[in-house]
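Heads up, the thing below is written out as structure tokens.
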Amino acid sequence: MKTDRINEEVLYAADDIVKADANDIEGLKRKAKLNPRKRIRICVHKDVKENIHEMLIVHGKSCYVHPHNHIGKTESFHIIEGLVDIIIFHENGEINKTISMGDYASGRKFFYRLPPSHFHTLIIRSEVLVFHEITNGPFNPDDTVWADWAPAETEEYKVVEYRAFLKNAIKEKKWE
């Protein structure tokens, strides 16, 4: 697949008809390993103004996704490879539910669609997670609300503690 590089984490597909195969995914996984934040995406929509945004995304196990919600945006995930727990939060930061996901062969849920304005994050359970994400555009960074009750990505020590807290909460299912 031919791509144009926007930055070390974002590529755009250069072809009109976008196709991906195992070699493309393996290439993304190699590139993600080299990135400081261990993540990369190929956007298959043409630009941020498109009404539909589709991405092939790779995250390493160590990735922290600051809990957030998207104002007025739905989000769908289809897991291609790996295992992940999606955590959905109440507005105050308490866990509402989790969705244990994996690829089709894993026996876990492999697809979900989240309606607008739900705080969520990922706990990646495998060495790498590869997924197809779809959301509605156009992209505006102001449409993302970062949870003020969770640590920012730059607060490394707090992130480690917070991720441990979330993993323990999932294990104990403290919200049920």
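General observations
- Remark on Asn96: its backbone amide H falls under 5 Å from those of Ile88, Phe89, His90, a criterion applied only to residues 5 or more positions apart or on other chains, H modelled at 1.01 Å from N.
- The separation of region 94-170 from region 41-89, counted between C-alpha centres, amounts to 9 Å.
- Which label in (1) -0.47; (2) -0.38; (3) -0.33 gives the computed log10 I(q)/I(0) by the Debye sum over Cα atoms at q = 0.10 Å⁻¹: (2)
- 222 nm mean residue ellipticity, helices alone, for the chain (DSSP H n ≥ 4; -39,500 (n - 2.57); rounded to 500): -5500 deg cm²/dmol
- Antiparallel bridges, percent of DSSP beta bridges restricted to the chain (to nearest 5): 90 percent
- The trypsin sites (Lys or Arg not before Pro) of region 1-54 that DSSP puts in a loop, and whose beta carbon has at most 16 other beta carbons within 10 Å, are Lys2, Lys19, Arg37, Lys46, Lys49.
- Multiplying the residue separation of Asn7 and His90 by 0.36 nm and subtracting their alpha-carbon distance yields 26.6 nm.
- Cα gyration tensor shape of region 117-172, rounded if a/c is under 1.5, else prolate or oblate by comparing a/b with b/c: oblate
- Difference of contour (0.36 nm per residue) and Cα-Cα distance, Glu161 to Trp146: 3.6 nm
- Here region 20-88 is assigned +1 on the Cβ of each Lys and Arg and -1 on the Cβ of each Asp and Glu. Its dipole about the Cα centre then comes out at about 420 debye.
- Distance between the modelled labels on Lys97 and Ala20, one decimal in nanometres: 2.6 nm (7 Å Cα→Cβ projection).
- When the GluC sites (Glu not before Pro) in region 23-97 are filtered for DSSP coil states and for at most 16 other beta-carbon atoms within 10 Å of their beta-carbon, the remaining sites are Glu50, Glu91, Glu94.
- Taking region 1-100 and dividing mean pair separation by its residue count, relative contact order in percent (alpha carbons under 8 Å, at least six apart): 18 percent
- Label-to-label distance, Arg108 versus Lys173, with points set 7 angstrom from Cα along the beta-carbon direction: 1.6 nm.
- With contacts taken as Cα pairs under 8 Å at a separation of at least 6 residues, the chain carries a relative contact order of 24 percent.
- Accessible surface of Ser62 - all protein chains present, 1.4 Å probe, nearest 10 Å²: 80 Å²
- Under 15 Å, Cα to Cα: Lys pairs in region 1-111, sequence gap 8 or more or different chains: 11
The values are calculated or read from the model by the stated rules, or taken from the named source; none is laboratory data. Just so you know, these numbers come straight off a predicted model, no measurement behind them. When we count neighbours, we look across all protein chains shown, and the Cβ atoms used for this are built from the backbone with ideal geometry, even at glycine. Side chains are part of the model used for accessible areas, which takes the heavy atoms of the whole protein and leaves out ligands, DNA and RNA. Shrake-Rupley method; radii C 1.70, N 1.55, O 1.52, S 1.80 Å.
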